[in-house]
Amino acid sequence: MHHTRSLQPSPVERCAPILADLRDGAWLAPETWATPQALHAVLRQVAARDLSAGRLLEGHANAHRLIRAHGTPAQLSEARGAMTDGELYGVWAADGDQPATWDGARMGGSKRFASGLGMVRRAIVPAQRVGKGGRQLLLVEVDDPRRQRPEEWDVSGMADSRSGGFDCAGLVGEPLGAPDVYTAEPQFIGGTWRIAAVTLGGIVGLLDRARAALARRGHLEAEAQLLRLAPIGIRALAADAAIARAAEFAESAAARAEPQRAATLSISTRLLTEELGQDAIAAVERSVGLGMFALDDPVGRMARDLACYLRQAARDAMTLRVGRDLLVDGGTLESWFDA
């Protein structure tokens with residue numbers, strides 16, 4: 001039997017343009033997003049073009065901030081140089097069935113939901129310290145394809161993020177900072193505004209794709225379509241301002257004095273954009289209709305990517321935390337408006 005090669009691109013081939021675009025646009029260089037305002041805008045813009053690219057860039061920027069906050073001058077200098085030259089970094093925090101460990105020399109265990117397999121060369125990996133307690137951040141070389149498990153990412157969305165499992169067993173990690181700095185505020189929960197910025201970019205990208213599809217049909221100016229989609233656009237503009245405010249506070253000197261406030265403002269934007277994203281998907285489905293469910297439809301693909309990205313961890317716990325901070329423990333709600 002004669003076999004022919006599939007015309008469908010492989011996952012690695014599909015992801016190559018994403019990394020090339022990030023490099024060509026100088027999006028990976030830290031000076032491109034040196035301020036929180038700039039990073040907020042860049043994450044939104046990149047995610048609107050491609051949500052997987054936005055996800056990868058958010059992890060890359062998070063890695064830079066962790067190295068800047070906790071690394072040595074040599075580690076920071078090396079990372080900045082590599083990033084400016086187009087090297088993609090990641091932060092792989094989620095443990096696999098066997099949690100990642102570190103005995104002071106070598107690692108054990110595995111990670112899951114590791115984004116950028118085959119594209120990220122160095123990642124920051126939290127690992128449990130064997131016999132000592134606490135988690136240690138490690139800078140790890142992760143470009144060995146034998147350790148990568150992309151087949152573990154068998155979902156309908158965010159395929160181009162090249163996510164999956166990663167085997168850490170036997171790896172040598174370079175310590176980054178002291179134990180347990182990964183969850184220190186305001187960098188940890190206080191940094192979730194970046195996820196909100198990426199989510200908002202996905203919402204904007206979805207609306208722009210729906211707009212183009214409706215315009216091609218001559219349906220864009222129909223009142224029914226405007227009534228469905230205009231409220232999403234209005235809320236997106238308001239969410240953008242909220243994210244900008246949270247970003248500015250989270251990366252200010254005031255956040256170090258009030259880390260809980262920084263975390264609450266950032267969580268609020270994540271929850272806000274999650275609800276907006278779900279409403280955007282529903283509105284676009286009603287407007288564009290059955291055609292967007294074709295596997296190759298750009299509107300449907302963006303909707304699937306967005307639905308997947310919205311499923312960030314611990315939503316209910318974060319909602320309760322915000323509720324307590326805003327309504328129970330933090331004084332009056334009015335006191336939060338000038339934060």
Would you mention how many residues in the stretch 275-306 are in contact with a helix residue (DSSP H, G or I) (Cβ under 7 Å, 6 or more places away or on another chain), assigned to a helix (DSSP H, G or I) and either modelled with pLDDT under 95 or surrounded by fewer than 17 Cβ atoms within 10 Å (Cβ to Cβ) (or both)? 4
Odd one out for GLU223, checked against (1) acidic (Asp, Glu); (2) over 21 Å from THR35 (Cα atoms); (3) modelled with pLDDT under 95: (3)
Meets criteria (under 17 Å from ILE203 (Cα atoms), surrounded by 14 or more Cβ atoms within 10 Å (Cβ to Cβ) and of a type outside the set (Phe, Trp, Tyr)) for LEU265: no
Test of understanding: among ALA196, ALA178, which residue is in contact (Cβ under 8 Å) with a residue 12 or more places away in the chain, outside any strand (DSSP E or B) and closer than 22 Å to ARG80 by Cβ? ALA178
Long-range neighbours under 9 Å by Cβ, at least six apart or interchain, first residue assigned by TED's automatic domain parsing to the domain that holds HIS64 and without any contact (Cβ under 8 Å) to a residue 40 or more places away in the chain within the stretch 19-34, second exposed (fewer than 14 other Cβ atoms within 10 Å of the Cβ) and of a type outside the set (Val, Ile, Thr): THR32/ALA26; THR32/ALA38
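From the list LEU214, LEU227, LEU272, which one is under 23 Å from the mean Cα position of the chain (by Cα) and in a helix (DSSP H, G or I)?
Of the residues listed, the single one that is under 23 Å from the mean Cα position of the chain (by Cα) and in a helix (DSSP H, G or I) is LEU272.
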Considering only residues that are without any contact (Cβ under 8 Å) to a residue 60 or more places away in the chain and surrounded by fewer than 19 Cβ atoms within 10 Å (Cβ to Cβ), look in the stretch 95-112 and name the one that is nearest to ARG146 (Cα to Cα). ARG112
Taking only the stretch 135-152 into account, find how many residues are touching a residue at least 40 places away in the same chain (Cβ under 8 Å) and either part of a strand (DSSP E or B) or more than 20 Å from ARG65 (Cα to Cα) (or both). 6
Within the stretch 323-339, is even one residue under 30 Å from ALA159 (Cβ atoms) and without any contact (Cβ under 8 Å) to a residue 40 or more places away in the chain? no
Residue among ALA246, ALA210, ALA239 that alone is surrounded by 21 or more Cβ atoms within 10 Å (Cβ to Cβ), in contact with a Phe, Trp or Tyr (Cβ under 8 Å, 6 or more places away or on another chain) and touching a residue at least 24 places away in the same chain (Cβ under 8 Å): ALA246
Of the residues GLY90, GLY104, GLY59, which single one is outside any helix (DSSP H, G or I) and either outside the structural domain of GLY25 (by TED's automatic domain parsing) or more than 17 Å from ASP180 (Cα to Cα) (or both)? GLY90
In the stretch 61-75, anything of a type in the set (A, V, I, L, M) and under 21 Å from the mean Cα position of the chain (by Cα) is listed as ALA61, ALA63, LEU66, ILE67, ALA69
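Residue by residue, here is whether (1) more than 19 Å from LEU88 (Cα to Cα); (2) surrounded by 22 or more Cβ atoms within 10 Å (Cβ to Cβ) holds:
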| site | (1), (2) |
| --- | --- |
| GLY157 | yes, no |
| SER163 | no, yes |
| PHE166 | no, yes |
| VAL172 | yes, no |
| ALA178 | yes, no |
| TYR182 | yes, no |
| GLU185 | yes, no |
| GLY190 | yes, yes |
Inside the stretch 113-134, can you point out the residues that are of a type in the set (D, E, K, R) and either in a loop (DSSP other than H, G, I, E, B) or surrounded by fewer than 18 Cβ atoms within 10 Å (Cβ to Cβ) (or both)? ARG121, ARG129, LYS132
Answer yes if at least one residue in the stretch 97-113 is β-branched (Val, Ile, Thr) and either closer than 26 Å to PRO30 by Cβ or in contact with a strand residue (DSSP E or B) (Cβ under 9 Å, 6 or more places away or on another chain) (or both), and no otherwise. yes
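The values are calculated or read from the model by the stated rules, or taken from the named source; none is laboratory data. If you're wondering where the values come from, they're calculated on a predicted model, not measured in any experiment. Every residue, glycine among them, receives a Cβ derived from its backbone with ideal geometry; neighbour counts consider all protein chains shown.
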